[in-house]
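Below you'll find the structure, written out as structure tokens, and then a few comments.
The values are calculated or read from the model by the stated rules, or taken from the named source; none is laboratory data. Only a predicted model underlies this, so the values are computations on that prediction, with no experimental measurement involved. Positions of Cβ are generated from backbone atoms using ideal geometry, with glycine treated the same way; all protein chains shown enter the neighbour counts. Ligands, DNA and RNA are stripped out before the accessible areas are found, and what is left, the full protein with its side chains, is counted by its heavy atoms. Shrake-Rupley method; radii C 1.70, N 1.55, O 1.52, S 1.80 Å.
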Amino acid sequence: MKWSPILAALLLLAAACKRPDPAEAVALSPQAAKGKAMFSTLCAACHAPSAKLVGPPLSELAGLYKDDPAGIVRWAVTPGRKRADVPPMPSFRGVRESDLADIAQYIIEAGTAAGKQGP
């Protein structure tokens, strides 16, 4: 298959115009930086910075828990069901509380940055 120069240029343009992930642009605290990798593994399939996937976006969670990061940890260990239109969140009871605290700090910092960027 021969590539058209126009098609190649369009692909490059599309890649260049991709809006950066607001969570990537924020300078993270050391605790949040530790939580980022675990978030990517444990949480990113259901939670995005500013878009609703299965669960609410980080921007919404940051607004709810900005003054209570321990609330995110409590919820992760014993989640309930807040929304009838989505499946319940699984429990992360097997994850160390210190790791969940790092994830919570990442959620708050990245979500705050995503909220400032807008949708």
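Among the residues of segment 48-66, just one is within 13 Å of residue 106 (Cα to Cα) and without any contact (Cβ under 8 Å) to a residue 40 or more places away in the chain, namely 48. Here residue 63 passes the criteria (1) in contact with a helix residue (DSSP H, G or I) (Cβ under 6 Å, 6 or more places away or on another chain); (2) open to solvent by 30 Å² or more (accessible area, probe 1.4 Å); (3) part of a helix (DSSP H, G or I) except the one numbered (1). Among the residues of segment 78-119, the ones that are surrounded by fewer than 14 Cβ atoms within 10 Å (Cβ to Cβ) and part of a loop (DSSP other than H, G, I, E, B) come to 16 in all. Taking every residue in segment 80-107 that is more than 21 Å from residue 62 (Cβ to Cβ) and pairing it with any residue that is surrounded by 11 or more Cβ atoms within 10 Å (Cβ to Cβ) and among the β-branched types (Val, Ile, Thr), at least 6 positions away or on another chain, the pairs with Cβ-Cβ distances below 8 Å are 87/54; 91/77; 93/77.
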